1. Order the peptides 83-90, 125-132 from the highest to the lowest mean number of other Cβ atoms within 10 Å of their residues.
2. Treat the count of other C-beta atoms within 10 Å as a stand-in for reagent exposure and order MET10, MET123 from fewest to most.
3. With a cut-off of 8 Å between alpha carbons and a minimum separation of six or more residues, what is the relative contact order of the chain in percent?
4. Compute the helix-to-body angle for 39-67: its Cα long axis versus the longest principal axis of the chain, expressed 0 to 90° and rounded to tens.
5. Under the Kirkwood approximation for Rh and a Cα-based Rg, what ratio Rg/Rh is obtained for the chain?
6. Over the residues of the stretch 96-183, compute the C-alpha Rg and express it relative to 2.2 N^0.38 Å.
7. With an 8 Å cut-off on Cα pairs and a minimum separation of 6 or more residues, tell me the relative contact order of the stretch 47-108 in percent.
8. Return the FRET efficiency for the residue pair ASN139, ALA15: r is the Cβ-Cβ distance, R0 is 45 Å, and the value is rounded to the nearest 0.05.
Amino acid sequence: MDSSQSRLRMLILTALCTAIICILAQITIPLPLVPITGQTLAIGIVATILGSKYGTLASLLYLILGAVGIPVFSGFSGGLGVIVGPTGGFIFGFIPTAFIIGYYLEKTSFTVINAIIANIIGMLVTLTIGTVYLKIVANLTWTAAFLGGFAPFIIVGVVKGVLAAWLGIVVRNRLNSANLLYA
């Protein structure tokens, strides 16, 4: 298969993974300040499957779809209002998170253990960026921002990181076996 066909397959897979992010984003557990959503789980799965380049692209496409008003963010929301609102930093954080997860795996190896490490690092990146943004946009103290945007999500983030790692590696291995992954 030539490189243009490989690239086309990867772009199609990236689009499908973007759709997975959009779907999993609708799984929401509401909390007062920032809800627990399936978005971070999806970002971890996608970055583990696709690696840094295409995982970042899928995350960026997700952000663009939501920014133009397509209701892909949690709770079937969309538009610039969501991005500039208190939870916007978490959404922006998905882009470096996807890159870091994929890059870590590319520099080590695509194993479950490395994927767990990469996804936990990624969850911390998302939480950090989101918390800093929350502090600024909501005009909170650092303590209030940490208690509202970081602390309640650490345990859930680790659980999602482990789940994303395992699912991502399983799917990646199956795609590799079927000669469908060219990342």
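Bear in mind that the values in this text are calculations on the coordinates, not laboratory data. Predicted model only: the values in this text are computed from it and were never measured. Quick reminder, even Gly has a Cβ in these numbers, built from the backbone with ideal geometry, and neighbours come from all protein chains shown.
1. So the peptides 83-90, 125-132, ranked by packing, come out 125-132, 83-90.
2. Going from sparsest to densest Cβ surroundings: MET10, MET123.
3. 25
4. Computed tilt is about 50 degrees.
5. My calculation of the ratio gives 0.98.
6. Against the empirical 2.2 N^0.38 Å value, I get 1.29 for the stretch 96-183.
7. Value for the stretch 47-108: 45 percent.
8. Working from the Cβ atoms, E equals 0.75.
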